[in-house]
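The values are calculated or read from the model by the stated rules, or taken from the named source; none is laboratory data. What you are looking at is a predicted structure, and each value in this text was computed from that prediction instead of being measured. Cβ: placed from backbone, ideal geometry, glycine included. Neighbour counts: every protein chain shown.
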Amino acid sequence: MSASTQEINNLINQDYKQGFVTVLETETFAPGLDEEVIHRLSKVKNEPEFMLEYRLKAFRHWQTMRSPEWAFVKFDPIDYQAISYYSAPKRKEDGPKSLDEIDPQVLEAYKKLGIPLDEQERLAGVAVDAVFDSVSVATTFKGKLKDAGVIFCPISEALRDHPDLIKQYLGSVVPHTDNYFAALNAAVFTDGSFVYIPKGVRCPMELSTYFRINAANTGQFERTLIIADEGSHVSYLEGCTAPMRDENQLHAAVVELVAMKDATIKYSTVQNWYPGDKEGKGGIYNFVTKRADCRGDNSKVSWTQVETGSAITWKYPSCILTGDNAVGEFYSVALTNNYQQADTGTKMIHIGKNTRSTIISKGISAGKGQNTYRGLVKVLKSAAYARNYTQCDSLLVGDKCGAHTFPYVEVKQPSAQVEHEATTSKISEDQLFFCQQRGLSAEDAVSMIVNGFCKAVFKELPMEFAVEAQALLGLSLEGSVG
Amino acid sequence: MLTIKNLHVNVGDKPILKGINLQINPGEIHAIMGPNGSGKSTLAHILSGKSGYTVTAGSVAYNNKDLIDMAPEIRAREGVFLAFQYPVEIPGVSNIYLLKAALNAIRKHQGLSEVDAMDFLTLVKGKVRLLEMDEKFLYRAVNEGFSGGEKKRNEILQMAILEPRLCILDETDSGLDIDALKIVSEGVNSLRSPDRSFVMVTHYQRLLDYIKPDFVHVLANGQIVKSGGPELALELEEKGYSWLESDQVAA
């Protein structure tokens, strides 16, 4: 017999394939957060004085703030004193100069994740920065990128080597006062990627950062800053995984993108943090602030995200369309299964004339998952002839999950044009039976239907990652029907 | 090929089929006719494995295997094909993708290798021409935005490519204009072969003008109340179903 709704509900269970733990000698701070910890953090990372001041300023501000409660997610209050704010594989001296110096266990961990750091084995045309807990352990293809004038390095290195760029841009899109988690991140961020594309340069390869949380009881606070100077072009991808642990772990990242005149940044995320077990125990709290400033005229930023992991996702990759004719895009697939909760969407702030934005959001809920789209389209008085198109679709698998949509639209400019379309649908028993009657198993059928649902977003991903995203989606829904 | 013995089927507590007996041999075309609510579609569904039905008595043997025990996808891979009365839409999944996935699932079951992309394209394009369809159909999402006739033609296209042994057509003529009916019928006729059998569920006789059945069975109140040759369909066209229903009550 084909799958009934009951059977669909019964069969939601999947194995998280990246849930292994790497046993390593690490240098880890004792849990707790105060100014002394921030001093130590800045010192261990050998940062310039201005960074310490920046961190302390952010920390003092954070202490005056309260954890936001407006998102459609439920979780117990986080004890920030129970988290360790720094954990790194033990290094020889100043850190690895080449792959030979990296702990072979760490290399092995990345290999297991399908991210070999050996340049010979790496996908041609993709440079990778690998961030393990609090530190970047390797960045590939640095030499080739340098020839093109591109800077791609761990942000901790950029703090030392490119302080002027950091001073000019860090916090210029997401100030340390922006929100609770952004303030916390500014105070304690440990590593992340830094990218600078000089004027007129088309980055010769895809840039990619792979974030891995390994240590227990630590938070990962990464900071990414990408600057595309006039007329430049870059495509960047991040991936994320973590071991299976019973307790929740906090991941509070800040990503800032700056696109100058005629520059284009394409930022893609495949987020597969550990989502917790079937009963909702454990999993990553993914509280992330991502924002782009399309500062120059004719600049363009495109966010594409595939969010399948994390116990809770709280994230709104946004575009501030400052320059005239600037373009902002947001393509999102968010999947929640079991007890996962996602409150995600975007903000498009139209300031410049003729600015355009497109939002395509696909939410999939299975099991007891709760999936919320929250989006703001704001057109200021100055944004003559601004246009926005929003399409927001939800797909339900089974009958115990939820889909919610909170669109906010504020328009101050009469010549603006704003469109919003939304649909909610269910994988019907008729669709499943139809596919089964053509010879497909119920699982293949669901995977096919879901992939079809997400097609408009997947086609925005770089080729090799689109394949990965489809496979991941299939995996995350494994067992969601019978 | 198919032997149905004393088949009783319930939906919930309600008996729908009340003792169906039917023998279908290879190469035969059987038309199942009857008034609305007689159980025609239930028969098509129970043969193809749709959920929501309970077999309370009797058996269905397909090539000497118990059909009722098989999952719907296994039946499909074993050669049972249902042409749907209301084909569903699957947004974002192209027709050609579904066809290839289905064909490969069936081939795998039969121990054959996956079909080569070029060979597949040649095969599909040939069948598309046969059904006078536009090749663009292949790249559109499954049934999305298709007209009623296009959806039915698409069902026959799937049948032509998957080459089933037992084809069940559930009200394939409903919603078709006369031109579409002709094309669909020609498609079905082209698939007739000595080792392929058809069960055509239909309310009206007009489909049988184009696809000549070997046998016609009349279903009323969950039982086959009369069987005969093609001439029975003509008689029904003339007299309607009521004389048979009242016969049954009298019996």
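A few points about this structure:
- Note on the stretch A:131-193: enclosed helices (runs of 4 or more DSSP H) holding 2 or more residues that are at pLDDT below 85 are A:142-147.
- Qualifying residue in the stretch A:326-337 (condition: closer than 19 Å to A:Gly402 by Cα, touching an Asp or Glu at 6+ places or on another chain (Cβ under 6 Å) and buried (at least 24 other Cβ atoms within 10 Å of the Cβ)): yes
- Residues of the stretch A:171-228 satisfying the condition of being of a type in the set (Asp, Glu) and in contact with a Pro (Cβ under 7 Å, 6 or more places away or on another chain): A:Asp191, A:Glu206
- Residues in the stretch A:458-467 that are more than 10 Å from chain B (Cβ to nearest Cβ) and part of a helix (DSSP H, G or I) were compared, and the one that is surrounded by the fewest Cβ atoms within 10 Å (Cβ to Cβ) is A:Met463.
- Residue check for A:Gly398: farther than 30 Å from B:Arg165 by Cβ and in contact with a Gly (Cβ under 8 Å, 6 or more places away or on another chain): yes
- Qualifying residue in the stretch B:143-156 (condition: under 21 Å from B:Glu28 (Cα atoms) and away from chain A (no Cβ under 12 Å)): yes
So that you can scan it fast, the table gives a plain yes or no per residue for (1) in contact with a Pro (Cβ under 8 Å, 6 or more places away or on another chain); (2) farther than 19 Å from A:Gln271 by Cβ; (3) among the aliphatic types (A, V, I, L, M); (4) part of a strand (DSSP E or B):
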site: A:Lys353; (1), (2), (3), (4): no, yes, no, no
site: A:Asn371; (1), (2), (3), (4): no, no, no, yes
site: A:Val377; (1), (2), (3), (4): yes, yes, yes, yes
site: A:Ala384; (1), (2), (3), (4): no, yes, yes, no
site: A:Gln391; (1), (2), (3), (4): no, yes, no, yes
site: A:Asp399; (1), (2), (3), (4): no, yes, no, no
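- Taking the stretch B:41-57 as the range and being part of a strand (DSSP E or B) and either within 8 Å of chain A (Cβ to nearest Cβ) or under 12 Å from B:Ile16 (Cβ atoms) (or both) as the test, the residues that pass are B:Thr54, B:Val55, B:Thr56.
- Unique match (being modelled with pLDDT under 90, in contact with a strand residue (DSSP E or B) (Cβ under 7 Å, 6 or more places away or on another chain) and aliphatic (A, V, I, L, M)) among A:Val409, A:Val467, A:Val481, A:Val457: A:Val457
- The condition (being buried (at least 19 other Cβ atoms within 10 Å of the Cβ) and more than 10 Å from chain A (Cβ to nearest Cβ)) is satisfied by just one residue among B:Val60, B:Val93, B:Val80: B:Val60.
- Within the stretch A:424-447, considering residues that are assigned to a loop (DSSP other than H, G, I, E, B) and free of Cβ contacts under 8 Å to residues at least 24 places away in the same chain, the one farthest from the other protein chains (Cβ to nearest Cβ): A:Ser428
- Qualifying residue in the stretch B:19-31 (condition: surrounded by fewer than 17 Cβ atoms within 10 Å (Cβ to Cβ), touching a strand residue (DSSP E or B) at 6+ places or on another chain (Cβ under 7 Å), in a strand (DSSP E or B) and within 12 Å of another protein chain (Cβ to nearest Cβ)): no
Residues checked against (1) surrounded by fewer than 24 Cβ atoms within 10 Å (Cβ to Cβ); (2) assigned to a strand (DSSP E or B); (3) modelled with pLDDT under 90:
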{"position": "A:Ser208", "(1), (2), (3)": "no, yes, yes"}
{"position": "A:Ala216", "(1), (2), (3)": "yes, no, yes"}
{"position": "A:Leu225", "(1), (2), (3)": "no, yes, no"}
{"position": "A:Glu230", "(1), (2), (3)": "yes, no, no"}
{"position": "A:Cys240", "(1), (2), (3)": "no, yes, yes"}
{"position": "A:Asp246", "(1), (2), (3)": "yes, no, yes"}
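- Exactly one residue among B:Ser48, B:Ser41, B:Ser59 is hydroxyl-bearing (Ser, Thr, Tyr), in contact with an Asp or Glu (Cβ under 8 Å, 6 or more places away or on another chain) and in contact (Cβ under 8 Å) with a residue 60 or more places away in the chain, and that residue is B:Ser41.
- Subset of the stretch B:104-123 (residues that are more than 8 Å from chain A (Cβ to nearest Cβ) and surrounded by 14 or more Cβ atoms within 10 Å (Cβ to Cβ)): B:Asn104, B:Arg107, B:Val115, B:Phe120, B:Leu121, B:Leu123
- So B:Met133, is it more than 9 Å from every other protein chain (Cβ to nearest Cβ), surrounded by 18 or more Cβ atoms within 10 Å (Cβ to Cβ) and not small (Gly, Ala, Ser): yes
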